[in-house]
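Quick one: this structure, given as structure tokens, is what I'll be asking you about.
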Amino acid sequence: MNMDEKLFRYYLELKGSEAGEWNSSPPCLYTEVATREYVRRSFTLTEGLQVCNVGIGTGDWDDYLGYWLKGKGALTSIDLDQEICAIFAYRQNREGHPNPSNSAINETGDFNRCLDSCFSLLKQGGYLMFMASLKYSYLEMLGIYIKGTAFQIEQKNVYEEFPEYPFFICKIKK
């Protein structure tokens, strides 16, 4: 199957029976708006800013980050699934995204190793934004991880407006 066929399949799956209901649901849309607003309020856009997103998913978040950077910085997108990486890079190129992700590479899938990698990319004084569902133990796992480092959680917001998808966002300083 060529990349255009894969891209077409990708578009169909966004509204398909498995993903369509969630992708158009109020909790999903609220999560997108709250997360984007968090970035706008919590981070200063500066020349040369380096942004990395772990977990491409549909790529909407990566697209937003690229637009938010407005050509002043660079975005690296990471995902465990090589096919997601390939179709994401192809889609951004095909659609002419004005500030596409520089690369799409694999991550480990291991929580601590993934965080180690993320923090290794940061300069001293740099920030990591961590967003995840509260339904799993990511907040507790993050707390345990941070206790073993010199990093500091500067901000933690919990969003429980939709009980079916409560989530949190943290701003962590290296």
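Please treat every number below as a calculation from the coordinates, not as lab data. None of the values given here were measured: they were computed from a predicted structure. FYI the Cβ positions are ideal-geometry reconstructions off the backbone, even for glycines, and counts take in every protein chain you see.
Suppose only helical runs count, i.e. DSSP H with n ≥ 4. What mean residue ellipticity at 222 nm does that imply for the chain under -39500 (n - 2.57) per run, divided by all residues and rounded to the nearest 500 deg cm²/dmol?
For the chain, the value works out to -13500 deg cm²/dmol.
Oh, and also: To the nearest 0.05, how large is the calculated FRET efficiency for N112 and Y90 if R₀ is 25 Å and r is the Cβ-Cβ distance?
For R0 = 25 Å, the calculated efficiency reads 0.20.
Evaluate the distance, in nm, between pseudo-label points positioned 7 Å from the Cα of L7 and of E154 along their respective Cα→Cβ axes.
3.8 nm
Still on this structure, please answer the following. How far is the Cα center of the stretch 110-174 from the Cα center of the stretch 12-91, in Å?
Distance between centres, Cα-based: 17 Å.
Figure the gain on full extension for L45 and C28 (residue separation times 0.36 nm, minus the Cα-Cα span) and round it to one decimal in nm.
Using 0.36 nm per residue and subtracting the Cα-Cα distance, I get 3.6 nm.
Kirkwood Rh over Cα pairs of the stretch 126-174 into Stokes-Einstein at 37 °C, 0.692 mPa s: D in µm²/s?
After rounding, the answer is 294 µm²/s.
In addition: Around V33, what is the net charge, scoring Lys/Arg as +1 and Asp/Glu as -1 over all other residues with Cβ under 13 Å from its Cβ?
The answer is -1.
With a 10 Å radius around each residue's Cβ, average the other Cβ atoms per peptide and rank 9-17, 23-31, highest first.
Ranked by mean Cβ neighbours within 10 Å, highest first: 23-31, 9-17.
Sticking with this structure for a sec: Dividing the alpha-carbon radius of gyration of the chain by 2.2 N^0.38 Å (N being the number of residues), what value is obtained?
That works out to 1.05 for the chain.
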